[in-house]
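Structure record follows, encoded as structure tokens.
Read the figures in this text as sums done on the coordinates, not as results from a lab. What you see is a predicted model; the values in this text were computed from it and never measured. Positions of Cβ are backbone-derived with ideal geometry, glycine not excepted, and every protein chain shown enters the neighbour counts.
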Amino acid sequence: MNLECPNTIKVKAYDDTLCKELPALTIDQISKFGGINWYKIHLMYFTGKLDKFEKEIYSDDIVRVTFRTPFGKYKEVRQVTYNKDKAGYEPFVDTFNCDECDTYLYIDEIEVLGNVYKNKELLD
């Protein structure tokens with residue numbers, strides 16, 4: 001998994017009225033768009049991370065994650081969300097809790113499956 005450090009905030013958007021994802025842009029580029037109904041737009045913020053296929057991972061993406069814990073590996077389908085208490089995006093800042101331990105979950109593999117606006121059924 002690679003980490004990018006962009007010097008500008010990069011977002012992609014999902015337009016409810018068009019039912020489609022708009023291309024990834026910087027905030028400066030988006031502010032120049034005209035004729036967009038901003039009440040129907042969901043901004044999805046770039047996390048700075050890429051999946052196993054080098055696809056950018058954004059907030060509100062749905063991902064399949066392979067976690068490695070002290071007790072083995074397991075897979076889970078999750079929504080990427082920002083956790084303000086941990087100052088980072090889940091599942092990247094998740095911890096594993098048990099009576100004797102409090103350790104970070106390590107991500108072996110992650111794959112973007114879709115997003116919550118277009119593919120909500122993937123979370124069922």
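For the residue pairs 40/84; 10/73; 40/73, the C-alpha atoms sit more than 30 angstrom apart in 10/73; 40/73.
In this rough spin-label picture, where each label sits 7 Å from Cα along the Cβ direction, the residue 108-residue 69 distance is 1.4 nm. Most tightly packed first, judged by the mean number of other beta-carbon atoms within 10 Å of their residues, the peptides 52-60, 80-88 read 52-60, 80-88.
In order along the stretch 82-87, phi translates into HN-Hα couplings of 8, 10, 5, 5, 9, 6 Hz, rounded to whole numbers, per the Karplus curve 6.51 cos²θ - 1.76 cosθ + 1.60 with θ = phi - 60° and x for Gly and Pro.
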